[in-house]
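Report on one structure; see the data block that follows.
The values are calculated or read from the model by the stated rules, or taken from the named source; none is laboratory data. Everything numeric here is computed off the predicted structure, so don't read it as measured data. So basically every Cβ, Gly included, is an ideal-geometry build from the backbone, and we count neighbours across all protein chains shown. Heads up: the accessible areas ignore ligands, DNA and RNA and are worked out on the full protein's heavy atoms, side chains in. Shrake-Rupley method; radii C 1.70, N 1.55, O 1.52, S 1.80 Å.
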Amino acid sequence: MKKRIMVGVLGLAVLTSLGLSGITARAASTVKIGGVTVDRSYLNTDTYYKTKWAVKAKVTYYQEKKPDNQYTKAITLPKGTIISGQIIPKHQLAHGQWGNEMVTTGGDLNYKLLNAQVKKGYLASGVVSYALSGFKKVKTPVYIPTYSHGDLYLGDAKATRKGDTQVKQTVRITTNGYVELRHRAANVDSDTMWASQPTSQAKIKRTQVKGATRYLYLGTNMKGIKTTRVGKKGAYQYRLTFKNLHQPQNLSYYDDDRGEVYVFDSLYALGGVTYYTPICFGSEIED
């Protein structure tokens with residue numbers, strides 16, 4: 001299953017300014033996606049924070065074959081690192097003291113940052129930091145697809161109806177500005193099939209927006225993704241074209257327990273190849 005995370009409520013002003021074609025505001029609490037009215041809270045929106053200086057964090061790792069086997073390791077989030085996070089109010093922390101904590105999803109940061117010197121056979125899970133003074137709230141990074149968590153799956157409109165287990169390739173746009181290409185791992189369950197090391201990755205040095213197209217400038221080329229050489233040296237040598245095709249895909253269905261379940265994907269062209277990303281998931285009766 002795709003990562004269908006319901007978080008936050010997007011303000012009407014933000015919704016209007018993002019201007020996703022096919023999605024329009026009808027009222028303070030609803031939006032229209034491809035002619036279907038849904039609650040705004042169903043949209044995939046995150047809250048973003050940037051580190052003001054180098055911040056310590058802890059990563060939990062679990063053993064792929066025996067998930068109950070876990071350990072934690074300290075990492076440093078460099079100054080300027082952007083995360084999608086949630087502040088958990090004051091409660092008793094793991095070490096017995098009381099305080100607040102910042103919780104983020106490990107998969108939203110680039111692989112190398114999370115997995116330096118990780119034990120063989122272990123995968124990164126949650127990331128927690130207690131140094132809240134080191135974070136400041138920021139707008140959604142311009143390189144993140146609209147109403148997406150940055151996860152893009154290879155395929156067109158037909159592929160959205162087949163399920164992620166049929167997808168062979170994904171691209172993740174991480175919150176801290178990396179493009180990572182991954183191929184599905186064989187003989188693993190759905191939770192770990194995209195957890196392998198990227199086959200190609202590059203840091204986004206600059207993002208330029210023109211209409212429905214984002215131009216991602218990279219300092220290095222990426223094998224497996226078409227880029228355009230625009231410079232001979234420096235940080236902006238390669239340009240990756242990332243276009244919103246403005247074609248929301250309605251995958252909604254009826255469930256006996258939850259009623260109408262609203263599910264939408266959005267199509268993008270990345271390097272001229274079509275990918276889809278989840279943008280909406282929710283129902284009137286929550287689990």
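For the stretch 204-212, the condition holds for at least one residue, the condition being that it is at pLDDT 95 or above, open to solvent by 60 Å² or more (accessible area, probe 1.4 Å), among the hydrophobic types (A, V, I, L, M, F, W, C) and out of contact with any Ser or Thr (no Cβ under 7 Å at 6 or more places or on another chain). The conditions of being at pLDDT 95 or above and among the hydroxyl-bearing types (Ser, Thr, Tyr) are met by residue 217.
Residue count for the stretch 247-272 under the criterion of being more than 18 Å from residue 285 (Cα to Cα) and either surrounded by fewer than 15 Cβ atoms within 10 Å (Cβ to Cβ) or among the charged types (D, E, K, R) (or both): the result is 2. Filtered by the rule that a residue be more than 14 Å from residue 173 (Cα to Cα) and touching a strand residue (DSSP E or B) at 6+ places or on another chain (Cβ under 6 Å), the stretch 200-228 gives 208, 212, 213, 219, 220, 221, 223, 224, 227, 228.
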